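The values are calculated or read from the model by the stated rules, or taken from the named source; none is laboratory data. Every value quoted in this text rests on a predicted model; they were computed, and no experiment measured them. Reconstructed Cβ throughout: ideal geometry from the backbone, glycine too, with neighbour counts over all protein chains shown. Note: areas computed on protein heavy atoms with side chains; ligands, DNA, RNA excluded. Shrake-Rupley method; radii C 1.70, N 1.55, O 1.52, S 1.80 Å.
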Amino acid sequence: MIWNQAMECMPREELDQLQLSRLKETVSRVYSSVPAYRAKMDEAGIKPQDINTLADLKYLPFLTKQDFRDNYPFGLLAVPMRDVVRIQSSSGTTGKPTVAAYTRNDIENWAEVMARALTGAGATPDSVIQVTWGYGLFTGGLGAHYGAEKIGAAVLPASGGNTRRQIMLMHDYGTTLLGCTPSYALVMYEEFLRSGLNRSEFRFKSGLFGAEPWSENMRKEIESKWEIDAYDVYGMTELIGPGVASECACKNGLHLAEDHFLAEIIDPDSGEVLPYGERGELVITSLTKEALPLVRYRTRDLTRILREPCACGRTHARIEKILGRSDDMLIIRGVNVFPSMVESILLQIPGIEPQYQLVVDRVNNLDRLEVQVEVSEKTFSDEVRRLEELEARITRELDSGLGVSVKVRLVEPRSIARSEGKAKRIIDNR
Amino acid sequence: MAKQISVFLENKAGRLAHVTRVLGDAQVNIRALSIADTSDFGILRLIVNDPDKAYRILKEQGFTVSQTEVIAVLLPDRPGSLASVLERMAEENINIEYLYAFLGTKDGDALIIFKVEDMERAKEAFDKQGIRFIDEKSLYEL
């Protein structure tokens, strides 16, 4: 199903035209209304009138997380506060929170892209959509909520937490579509098993999952356990919230809402735009945002762009499932390790739950990666020998899969902090 | 045959205290226990008065727990009696995964809990030697 046929299936040439005109408009607007942008552009010796093709984008300076910090809280706003109708922000775990501000049109466009994402995941006006992303300053809950209402579905604004109650709501109110983090979908599954309820009494058919990177094997795990279709949605506070890109029924990359966002892939080290098809850092330029326009925002997320036509009929380019953030990447004795790679390997070992945590230490000047894996009922044996065999097997698989030797430690279930919001996968003690 | 409760424990302060407190609060009485440990984790093995209840309670509390069939036999509490049983098992080529023992039964017997690969063959071997099995009910009521 496609929410907005006219936009999502717009012929490529028309889409390029639309992007170019919106890009020019955005660049002019930030140059005239945001002193920080004007200073950056002046320093780079570029004026808005120098942007005449989409390829000219590469001459514009980047915007980074640091710019958000330097201009905290409202320095990047391109409109007066009287035009702002909503402020959201990130959790600010790494310092000051990142602020997102919205005009009425911004809220409308956000609901639009989330309506597309939910429709891609199977939502219709008949759906009952349970949103367990947090409501509040975090963009997940309200973003999904407005998208669901726009479709005309019935929304359950459950917000996060109280897993037992989530299962009760899901069962009693006939939830057909769930929106949450992928790791929480599995936490909910464990609770469903504990509840003793019968799966046939649920109407649950599909889920839209996001707010943390997750692997293809994690998708298989969620789909086979819950017997649903699991779709990925991408976004971040700085960009608008969730809905920047989302999967269609083909589950082969996430369609970017290209009428609202322009994507580039750069080499994270040199900042150079990479040739088509290569993996690198995703850089996003907003095309319609009014309150907080972004020109070449460095997301630090690693992916590549796929422009081949998609079988679903949408013409918008796709980004590959996000492998991880460049800041989630661990460098262990020179080898790049992403939590999603560990997850993917663990899921290939029968009986292993994708509940894991990576602990990095430096011992005698050498990096040591410990992978803590929960022992499930399925893998538990009362014989030490068998548990040691399991430990050895996991170690072997991870060593060869990651290309770096790891120490595996078996831990009790639920001893790894479970995500009501986002899973904490890495503890770096270096 | 008897039901043994096995619990996975991380090597972390307070874990054993937690398990035993959970069982204590549920009025489950421990008859015998042993702990197998490695540097990272331990396996607590328990004979209790109500294995089904213990299993349920521990599971509810989020422990990784399993029920295992073990053999419980009574041996005379005197020098050499365990040795002669083990020698017989060695002759029959019965591999023992683990065993643990405890005293204090009213008749001055020692109770030995065996986990072997082949339970049936072990039982035959014990039968041949006239070793007394203890039935489940009296084991839990010891």
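Brief remarks follow.
- Solvent exposure of segment A:185-225 amounts to 42 Å² per residue of accessible area, where only protein heavy atoms count and the probe is 1.4 Å.
- Of A:P350, A:P125, A:P35, the one that fluctuates the most in a GNM where chain A has Cα springs shorter than 10 Å: A:P350
- Dipole in debye (nearest 20) - the protein assembly as shown, about Cα centre, beta carbon charges: Lys, Arg +1; Asp, Glu -1: 1140
- Distance between the 7 Å Cα→Cβ label points at A:R333 and A:C9: 5.4 nm.
- Dipole of the protein assembly as shown, positive direction: furthest Cα of B:A90, A:V131, A:M218, with charges on the beta-carbon: A:V131
- One quarter of the convex hull surface built on the alpha carbon atoms of segment A:74-226 amounts to 10.0 nm², the projected area averaged over directions.
- On the principal axes of its alpha carbon atoms, segment B:7-142 extends 43, 33, 26 Å, with the longest extent given first.
- Separation of alpha-carbon centers, segment B:59-93 and segment B:2-53, rounded to whole Å: 17
- Rough spin-label spacing in nm, given labels placed 7 Å along Cα→Cβ, for A:Q348 and B:K137: 5.4
- log10 of Debye I(q)/I(0), alpha-carbon scatterers only, for segment A:207-343 at 0.22 Å⁻¹: -1.46
- Dipole-positive endmost among A:M114, A:M41, A:S183 within the protein assembly as shown (Cβ charges, Cα centre): A:M41
- Cβ-Cβ distance of B:K53 and A:K251, R₀ of 45 Å, FRET efficiency by 1/(1 + (r/R0)^6): the value works out to about 0.50.
- Against the empirical curve 2.2 N^0.38 Å, the C-alpha radius of gyration of segment B:73-142 lands at a ratio of 1.07.
- Residue-span extension gain [A:K378 to A:E320] - 0.36 nm each, minus C-alpha spacing: 17.6 nm
- The calculated FRET efficiency for the pair A:R414 and B:A83, based on their C-beta separation and a Förster distance of 45 Å, comes to about 0.55.
- A Stokes-Einstein calculation at 20 °C with viscosity 1.002 mPa s, built on the Kirkwood radius of the protein assembly as shown over Cα pairs, returns a diffusion coefficient of 79 µm²/s.
- Of A:P293, A:P242, A:P11, the one that fluctuates the most in a GNM where chain A has Cα springs shorter than 10 Å: A:P11
- Extension gain (nm, one decimal) between A:K58 and A:S28, 0.36 nm per residue minus Cα-Cα: 9.2 nm
- 0 to 90° range, to nearest 10: angle between helix A:139-151 axis and chain A longest Cα axis: 70
- The protein assembly as shown: calculated mean residue ellipticity at 222 nm from DSSP helix runs of at least 4, using -39500 (n - 2.57): -9500 deg cm²/dmol
- Aspartates and glutamates whose Cα lies under 17 Å from that of A:K289, excluding same-chain neighbours fewer than 8 positions away: A:E25, A:D83, A:D106, A:E108, A:E112, A:E238, A:E258, A:D259
- The mean sequence separation of alpha-carbon pairs under 8 Å and at least six residues apart, normalised by the residue count of segment A:236-385, gives a relative contact order of 15 percent.
- Fraction of accessible area attributable to carbon and sulfur, chain A (%, probe 1.4 Å): 50
- Under the criterion of Cα pairs below 8 Å and six or more residues apart, the relative contact order for segment A:1-101 equals 21 percent.
- The modelled label-to-label distance between A:D399 and A:A36, using points 7 Å beyond Cα along the C-beta direction, is 4.8 nm.
- Using a Förster distance of 45 Å, the FRET efficiency for A:R386-A:Q66 (Cβ separation, nearest 0.05): 0.35
- Cα centroid separation - segment A:234-293 against segment A:7-85, whole Å: 14
- Relative contact order computed over chain A (Cα-Cα under 8 Å; 6+ residues apart), in percent: 14
- Considering only A:R203, A:R296, A:R414, the mean-square fluctuation computed in a Gaussian network model of chain A, springs between alpha carbons under 10 angstrom, is largest for A:R414.
- Solvent exposure of chain B as accessible area per residue, Å², 1.4 Å probe: 49
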